[in-house]
Amino acid sequence: MRAYDIIRKKRAGSALSGEELSFLVTGFSEGRIPDYQVSAFLMAVFFRGMTEEETFGLTDAMLGSGAVLDLSDIPGPKIDKHSTGGVGDKVTLVLAPLLASAGIVVPMIAGRALAHTGGTLDKLEAIPGFRTSLSVQEFKENLRRVGVSIMGQTEEVAPVDRKLYALRDVTATVDSIPLIASSIMSKKLAEGIDGLVLDVKCGSGAFMKTPEEARTLADTMVKIGNARGVKTVAVITDMDQPLGATIGNSLEIRESISALHGEWARDLREVTLTLGAWMLHIGKNRGGTPDEETIERSRRELGELLASGAAFRKFVAMVDAQQGDSGVVLRPDLIRQAGKARKVVADREGYILRIDAEKIGIASMLLGAGRETMADPVDRSAGIILAKKVGDHCGRGEQVAELHYNREDGAVEAGELFLSALEIEPRRSEPKSVILEVVR
Ligand code: URA
């Protein structure tokens with residue numbers, strides 16, 4: 001078998017066999033097939049797509065590049081949630097301890113900020129001392145003791161994904177449905193979980209810009225998960241405006257702590273409780289297709305755990321277990337803030353129709369909150385506080401956001417970009433629901 005022939009076959013639009021995909025992925029993983037051939041393969045996939053069978057084959061080949069974690073000695077249902085990446089998406093920070101407080105074991109392997117999207121690891125590291133590089137043994141110990149642990153990707157879990165992702169990132173081949181589906185599902189299947197709830201983001205701030213693309217990605221991942229014995233459900237959620245009220249690591253930690261105390265933006269609450277209700281449904285083995293009443297009951301159950309303080313206590317326990325300073329969780333005003341702040345004011349009057357999440361993500365990156373390449377440092381205190389959401393009225397000259405930053409160079413451009421992200425209309429239109437669809 002030769003990499004050249006595999007590339008040529010894919011370039012011609014033919015379907016590759018499992019053996020061919022495994023040859024390519026293993027050869028790349030072991031350094032026998034060079035970056036330039038894999039880059040050509042990725043571009044061929046980008047243009048030609050993959051059949052469902054090929055996507056399964058690619059996922060299996062990537063999964064096979066590492067080991068599957070064995071969590072069988074940890075009692076309780078192991079259920080994870082994964083988001084395809086968005087702007088202001090701090091759902092994990094609230095959801096993971098919330099579900100752990102409901103008796104679900106939540107083993108999460110999370111990622112870092114890239115381009116306009118944020119990353120859970122960067123957010124957690126805004127808590128002084130918080131360790132995201134754990135050994136598998138530490139991860140398992142935390143799961144056993146606390147019921148939740150969040151760490152970065154390890155060498156054990158689908159290691160070839162990291163190499164492939166880095167290549168996709170510089171060859172403009174990230175936003176391909178089979179490549180995204182196999183990247184996400186190879187890592188999730190390697191976690192040794194029983195169930196998975198996927199948050200497939202759809203809109204300007206997401207990889208999937210249209211509901212059709214989001215549905216295809218959701219459907220592909222749900223099929224892969226269920227076929228490999230992991231009960232998988234996908235919820236398609238709106239990413240046409242940033243989620244919640246803040247973008248940026250420290251700011252999002254503060255917003256998450258407020259949410260755990262029951263003070264949160266409506267869209268953040270809606271997404272968190274909907275994903276959480278599905279995690280509970282799968283974790284508690286409630287089976288079948290739940291009706292609205294069943295999902296509503298799960299949401300109420302989660303609401304009670306928030307109101308009683310159990311979810312917040314679980315968050316504190318998780319921070320303690322990962323050597324974070326839980327003092328700042330108890331006193332969020334102690335979390336480091338940026339040295340400078342600048343108001344952004346509306347240049348016209350009207351109702352906010354849209355806040356382009358991709359532009360807002362790039363604006364926050366210009367302030368230092370994100371990274372263009374994996375090697376870039378992140379300023380954890382930088383970010384944006386939204387003063388308005390879609391559907392709100394704003395007057396000319398009224399504040400729509402506050403930019404937080406330490407370095408001056410990107411601030412003016414970030415402010416201009418923020419304003420260009422706003423669509424303001426004279427008449428109000430009803431904001432759409434943040435939950436677009438559930439794919440089972
Ligand atoms: N998240 C991943 O883990 N992989 C992708 O390809 C895209 C988003």
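Tabulated results
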{"item": "Identity of the residue in segment 77-86, modelled with pLDDT of 95 or more and either away from the ligand (no atom under 14 Å from the Cβ) or part of a loop (DSSP other than H, G, I, E, B) (or both), that ends up most open to solvent (accessible area, probe 1.4 Å)", "result": "P77"}
{"item": "From the options R331, R371, residue that is closer than 25 Å to K123 by Cβ, open to solvent by 60 Å² or more (accessible area, probe 1.4 Å) and not polar (S, T, N, Q)", "result": "R331"}
{"item": "Some residue of segment 104-113 being within 16 Å of the ligand (Cβ to nearest atom), of a type in the set (K, R) and open to solvent by 40 Å² or more (accessible area, probe 1.4 Å)", "result": "yes"}
{"item": "Filtered residues of segment 200-256 (kept if open to solvent by less than 10 Å² (accessible area, probe 1.4 Å) and at positive phi)", "result": "G203, G244, G248"}
{"item": "Failed item, numbered, when L71 is tested on (1) more than 16 Å from the ligand (Cβ to nearest atom); (2) of a type outside the set (D, E, K, R); (3) closer than 15 Å to L275 by Cβ; (4) assigned to a loop (DSSP other than H, G, I, E, B)", "result": "(3)"}
{"item": "Of all residues in segment 423-440 being assigned to a strand (DSSP E or B) and touching a helix residue (DSSP H, G or I) at 6+ places or on another chain (Cβ under 9 Å), the one that is surrounded by the fewest Cβ atoms within 10 Å (Cβ to Cβ)", "result": "E437"}
{"item": "Residues located in segment 40-68, provided they are of a type in the set (G, A, S), at pLDDT 95 or above and within 16 Å of the ligand (Cβ to nearest atom)", "result": "G49, A61"}
{"item": "Exclusive hit being open to solvent by 60 Å² or more (accessible area, probe 1.4 Å) and in a strand (DSSP E or B), set R354, R396, R313", "result": "R354"}
{"item": "Selection status of R348, over 28 Å from L114 (Cβ atoms) and part of a loop (DSSP other than H, G, I, E, B)", "result": "yes"}
{"item": "Contacts under 7 angstrom Cβ, first residue in segment 175-189 being among the small types (G, A, S), partner within 8 Å of the ligand (Cβ to nearest atom) and open to solvent by less than 10 Å² (accessible area, probe 1.4 Å), 6 or more apart", "result": "S183/D161; S186/D161"}
{"item": "Sole residue being among the small types (G, A, S), within 29 Å of Q241 (Cα to Cα) and not assigned by TED's automatic domain parsing to the domain that holds M151, chosen from A307, A346", "result": "A346"}
{"item": "Condition broken by S182, with the remaining ones in (1) within 11 Å of the ligand (Cβ to nearest atom); (2) at pLDDT 95 or above; (3) open to solvent by 20 Å² or more (accessible area, probe 1.4 Å) satisfied", "result": "(3)"}
{"item": "Search result, residues across segment 14-32 that are assigned to a helix (DSSP H, G or I) and closer than 17 Å to G66 by Cβ", "result": "L21, S22, L24, V25, T26, G27, F28, S29"}
{"item": "In segment 185-199, residue farthest from the ligand (Cβ to nearest atom) [restricted to those that are within 22 Å of A277 (Cα to Cα) and open to solvent by 10 Å² or more (accessible area, probe 1.4 Å)]", "result": "D194"}
{"item": "Cβ pairs under 9 Å, 6+ apart, first in segment 291-303 and over 14 Å from V438 (Cβ atoms) and assigned by TED's automatic domain parsing to the domain that holds L268, second outside any helix (DSSP H, G or I) and open to solvent by 30 Å² or more (accessible area, probe 1.4 Å)", "result": "G303/G262"}
{"item": "Among (1) open to solvent by 10 Å² or more (accessible area, probe 1.4 Å); (2) modelled with pLDDT of 95 or more, the one test that D175 misses", "result": "(2)"}
{"item": "Verdict on E212 being more than 15 Å from G85 (Cα to Cα), more than 16 Å from the ligand (Cβ to nearest atom) and without any contact (Cβ under 8 Å) to a residue 40 or more places away in the chain", "result": "yes"}
{"item": "Among residues of segment 1-13, those that are in a loop (DSSP other than H, G, I, E, B) and open to solvent by 50 Å² or more (accessible area, probe 1.4 Å), counted", "result": "3"}
{"item": "Tally, over segment 109-143, of residues that are at pLDDT below 95 and at positive phi", "result": "1"}
{"item": "Which numbered condition Y165 misses (of (1) open to solvent by 30 Å² or more (accessible area, probe 1.4 Å); (2) more than 9 Å from the ligand (Cβ to nearest atom); (3) closer than 27 Å to V94 by Cβ)", "result": "(2)"}
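Residue-by-condition table, conditions (1) open to solvent by 40 Å² or more (accessible area, probe 1.4 Å); (2) out of contact with any Cys (no Cβ under 9 Å at 6 or more places or on another chain); (3) more than 16 Å from the ligand (Cβ to nearest atom):
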residue	(1), (2), (3)
G88	no, yes, yes
D122	no, yes, no
E125	yes, yes, yes
R131	yes, yes, yes
F139	no, yes, yes
R145	yes, yes, yes
E155	yes, yes, yes
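The values are calculated or read from the model by the stated rules, or taken from the named source; none is laboratory data. Quick caveat: nothing in here was measured; it's all calculated off a predicted structure. Please note: Cβ atoms are built from the backbone with ideal geometry, for glycine as well, and neighbour counts cover all protein chains shown. Ligands, DNA and RNA are excluded from the accessible area calculation, which covers all protein heavy atoms including side chains. Shrake-Rupley method; radii C 1.70, N 1.55, O 1.52, S 1.80 Å.
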